[in-house]
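**Student:** If you scroll down you'll find the structure; I have some questions about it.
The values are calculated or read from the model by the stated rules, or taken from the named source; none is laboratory data. Bear in mind that the values here come from a model prediction, so they are computed numbers and not experimental data. Counting neighbours? That spans all protein chains shown, and the Cβs are built from the backbone with ideal geometry, glycine included.
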Amino acid sequence: MILPTKGISQERCLLSLGAEVLEQLERPDTLSSLWEDVRARHTKTRETLSFDWFTLCLAFLYAAGLIEIDNYGVLRRADVPSRDRIE
């Protein structure tokens, strides 16, 4: 699920989808706006993306400490020190 498997393509795994979400979060954004942006991008490539899979991706990113959510529900990239970044 996190990594591609025989049943989950590389484009659909949480790691790839998470990278796409982080790319979209260049600036803080609301959940609904971020969902629309990511869904529109997937519609262009003819891949279906359910909201469940999208929220699972957000949970993965939050658990990994890569995104933060403020009191108003705005999502943003977490400020990860450079020594802790995965490169």
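**Student:** Would you pick out the residues in the stretch 38-55 that are within 25 Å of residue 79 (Cβ to Cβ) and surrounded by fewer than 14 Cβ atoms within 10 Å (Cβ to Cβ)?
**Tutor:** 55
**Student:** Would you check which residues across the stretch 56-78 are in contact with a helix residue (DSSP H, G or I) (Cβ under 7 Å, 6 or more places away or on another chain) and surrounded by fewer than 12 Cβ atoms within 10 Å (Cβ to Cβ) and list them?
**Tutor:** Once the filter is applied, which keeps residues that are in contact with a helix residue (DSSP H, G or I) (Cβ under 7 Å, 6 or more places away or on another chain) and surrounded by fewer than 12 Cβ atoms within 10 Å (Cβ to Cβ), the stretch 56-78 yields only 73.
**Student:** Looking only at residues in the stretch 3-28 that are surrounded by 14 or more Cβ atoms within 10 Å (Cβ to Cβ), out of contact with any strand residue (DSSP E or B) (no Cβ under 6 Å at 6 or more places or on another chain) and not in a helix (DSSP H, G or I), which one is modelled with the lowest pLDDT?
**Tutor:** Filtering first and then ranking leaves 4.
**Student:** Sticking with this one: Does residue 65 count as modelled with pLDDT of 90 or more and not in a helix (DSSP H, G or I)?
**Tutor:** Values: modelled with pLDDT of 90 or more: yes; not in a helix (DSSP H, G or I): yes.
Considered against the rule, which asks whether it is modelled with pLDDT of 90 or more and not in a helix (DSSP H, G or I), residue 65 comes out as yes.
**Student:** Okay, next question. Residues of the stretch 59-81 being free of Cβ contacts under 8 Å to residues at least 24 places away in the same chain and in contact with a Leu (Cβ under 6 Å, 6 or more places away or on another chain), which ones?
**Tutor:** The answer is 69, 78.
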